[in-house]
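Inspection log for the structure reproduced underneath, given as structure tokens.
Read-outs: derived from the displayed coordinates by stated rules, not from any lab. Everything quoted here is computed from the prediction, not taken from an experiment. Note: ideal-geometry Cβ built from the backbone for every residue, glycine included; neighbour counts use all protein chains shown.
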Amino acid sequence: MLKEKLSKYAIILASKSPRRQQFLKDLDIPFTIQLKEVEEIYPKELQATAITDYLADLKSKPFTDLKENDILITSDTIVWLENKALGKPKDTKDAFRILQELSGKKHQVITSVSLKGKHFQTIFNDTTNVYFKELTVDEMNYYIEHYKPFDKAGSYGIQEWIGFIGIERIEGSYYNVMGLPVQKLYKELLKL
């Protein structure tokens, strides 16, 4: 259904994330991948969804040569805990520190998506509450050693081992926690 609706558009996904790429494939959306490097720095006064909205927009800015029928998809995800953003870990020690912060607490996963054409742009976001059990030192070390979550906001992937054993429940979109609010994306693309 969506495939036919989007047939007159050239969908461009600006993301290295294999999960985001798979989501578009699973939605049966034909797309190409184009990557342009962006330094992901945001003003310090931004909070929560304002951060991800800003970064999703920032990632779209280098694409100045969009054609009439192009639709560019850019996205950004953060883990929001106690009024601060937890990004991707720098190394093993940092991954452990982040997981320790999340242990036994509720946090939010926030993802913003920008859909940009030659003459329009829309940015939307989604927030999911995630509840972690108290993680043991052995569980955190095992996960970091075997799954190397260095490309993931908050040092974890819900679809991996730590999600199976550590997440007690979520409120909101599971796919948002994986990095893309697929249902909202589908709805926005249908509006085009």
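Cross-link reach is defined here as a Cα-Cα straight distance under 27 Å, omitting same-chain residues fewer than 8 places apart; for LYS148 the lysines meeting it are LYS16, LYS25, LYS36, LYS59, LYS84, LYS88, LYS90, LYS93, LYS105, LYS106, LYS133. In order along segment 102-108, phi translates into HN-Hα couplings of 6, 4, x, 10, 9, 9, 10 Hz, rounded to whole numbers, per the Karplus curve 6.51 cos²θ - 1.76 cosθ + 1.60 with θ = phi - 60° and x for Gly and Pro.
Derived scalar couplings between HN and Hα for segment 158-167 equal 4, 7, 9, 3, 4, x, 5, 9, x, 9 Hz in order, rounded to whole Hz, by the Karplus curve 6.51 cos²θ - 1.76 cosθ + 1.60 (θ = phi - 60°), x for Gly and Pro. If only the Cβ of Lys and Arg carry +1 and only the Cβ of Asp and Glu carry -1, the dipole of the chain around its Cα centre is close to 480 debye.
The listed peptides 126-137, 35-46, ordered by packing as a protection proxy, come out as 126-137, 35-46 (highest mean of other Cβ atoms within 10 Å first). Taking the Cα-to-Cβ direction at PHE164 and at LYS105 and moving 7 Å from each Cα, how far apart do the two end points lie in nm? Placing both labels 7 Å beyond Cα along the Cβ direction yields 2.7 nm.
Charged neighbours of LEU180, selected by a Cβ distance under 10 Å, balance to +2 (K, R count +1; D, E count -1). The fewest-to-most ranking of TYR186, TYR143, TYR54, TYR175 by surrounding Cβ atoms within 10 Å reads TYR186, TYR54, TYR175, TYR143. Shown in residue order for segment 85-101 are the 3J(HN,Hα) couplings computed by the Karplus curve 6.51 cos²θ - 1.76 cosθ + 1.60 at θ = phi - 60°: 8, 9, x, 7, x, 7, 7, 4, 4, 5, 4, 5, 4, 5, 4, 4, 5 Hz (x for Gly and Pro).
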